[in-house]
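Working notes, structure below.
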Amino acid sequence: MADIRIVPSLDFATASLDAFLELVDEFPSPAVGLATGNTPLGLYHALGRAVMDGAVSVGQVRPFAIDEYVVARHHPCSNREFFERHWETIEDAAPVAQFDPEAPDLAAEAARFAAALAAAGGLDVAVLGIGTNGHLAFNEPGSTAECRARVVELADGTREAVKGCFGAESPRAGLTLGMAELLGARAVLLLANGASKAGVVARALRGVPSPECPASLLQGHERLLVVLDEDAARALD
Ligand code: GLP
């Protein structure tokens with residue numbers, strides 16, 4: 001059974017932080033998969049402030065990116081740059097293990113990254129946002145529970161959603177952990193806020209689990225913690 005916490009929008013960052021700390025504290029040196037995007041921004045900023053205040057430490061966290069666009073490595077809209085700005089600025093945070101989108105063989109790069117994660121013991125905690133089409137990381141609709149880290153073609157809506165940053169050069173492909181690696185995490189923190197996520201949150205948490213909505217495959221996970229703001233939760237019964 002998922003632990004679903006619904007909070008006012010103003011409390012979303014704090015509730016996300018509380019849930020994050022609760023899960024990472026269950027492991028001595030957790031390997032943590034980190035999402036990018038707007039959803040976890042409040043969490044990372046609140047975490048940075050809590051570390052600065054001396055209230056918590058993330059020095060023990062081993063962070064892994066869950067996906068990357070196939071773009072120049074230091075493109076300002078890449079996930080690598082996102083982590084540089086929003087994670088690696090946290091005082092005691094370790095650098096994030098990343099996919100290299102400039103690798104000559106991207107399929108081999110996905111395999112390398114998956115092997116590095118496996119050698120680290122797999123994910124202890126996966127921090128996930130959700131796409132409006134139900135994607136997790138870049139596991140677009142059609143992704144089964146068995147699919148592994150790989151190169152994927154991005155859905156039109158996914159490309160559209162990041163046009164504000166990439167402009168007309170919105171990438172066509174991504175590197176992503178697969179559903180197998182994400183579902184294999186010992187604990188999952190799923191975050192969603194805003195009215196635009198209400199429909200997909202209801203499909204993910206209440207719909208029949210199906211690869212058509214990859215996030216719905218989380219339903220069977222034994223340690224699933226979901227933090228929603230009231231807008232994102234409004235289509236739940
Ligand atoms: C992106 C990322 C996901 C992210 C999702 C939602 O495409 N690949 O990891 O969770 O879309 O993004 P946002 O939080 O900006 O709504």
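Worth a mention:
- Filtered residues of the range 130-141 (kept if open to solvent by 40 Å² or more (accessible area, probe 1.4 Å) and over 16 Å from Ser196 (Cβ atoms)): Pro141
- Scanning the range 206-216 finds one or more residues that are within 13 Å of the ligand (Cβ to nearest atom), part of a helix (DSSP H, G or I) and open to solvent by less than 20 Å² (accessible area, probe 1.4 Å).
- So Glu109, is it open to solvent by 50 Å² or more (accessible area, probe 1.4 Å) and either more than 17 Å from the chain's Cα centre (by Cα) or polar (S, T, N, Q) (or both): no
- Any hit, the range 174-190, residues being within 10 Å of the ligand (Cβ to nearest atom) and at positive phi: no
Conditions (1) part of a helix (DSSP H, G or I); (2) touching a residue at least 24 places away in the same chain (Cβ under 8 Å), marked per residue:
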residue: Ala93; (1), (2): no, yes
residue: Phe99; (1), (2): no, yes
residue: Pro104; (1), (2): no, no
residue: Phe113; (1), (2): yes, yes
residue: Val127; (1), (2): no, yes
residue: Gly131; (1), (2): no, yes
residue: Ala145; (1), (2): no, yes
residue: Val151; (1), (2): no, yes
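- Taking the range 168-188 as the range and being open to solvent by less than 30 Å² (accessible area, probe 1.4 Å) and part of a helix (DSSP H, G or I) as the test, the residues that pass are Met179, Ala180, Glu181, Leu182.
- Any hit, the range 9-32, residues being open to solvent by 30 Å² or more (accessible area, probe 1.4 Å), closer than 24 Å to Ala235 by Cα and touching a strand residue (DSSP E or B) at 6+ places or on another chain (Cβ under 7 Å): yes
Let's see how each residue does on (1) aliphatic (A, V, I, L, M); (2) within 16 Å of the ligand (Cβ to nearest atom); (3) at pLDDT 95 or above; (4) closer than 20 Å to Leu182 by Cα:
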site: Ala2; (1), (2), (3), (4): yes, no, no, yes
site: Phe27; (1), (2), (3), (4): no, no, yes, yes
site: Ala31; (1), (2), (3), (4): yes, no, yes, yes
site: Gly42; (1), (2), (3), (4): no, yes, yes, no
site: Met52; (1), (2), (3), (4): yes, no, yes, no
site: Val58; (1), (2), (3), (4): yes, no, yes, no
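The values are calculated or read from the model by the stated rules, or taken from the named source; none is laboratory data. Predicted, not measured: the structure shown is a model, and the values here were computed from it. Counting neighbours? That spans all protein chains shown, and the Cβs are built from the backbone with ideal geometry, glycine included. Ligands, DNA and RNA are excluded from the accessible area calculation, which covers all protein heavy atoms including side chains. Shrake-Rupley method; radii C 1.70, N 1.55, O 1.52, S 1.80 Å.
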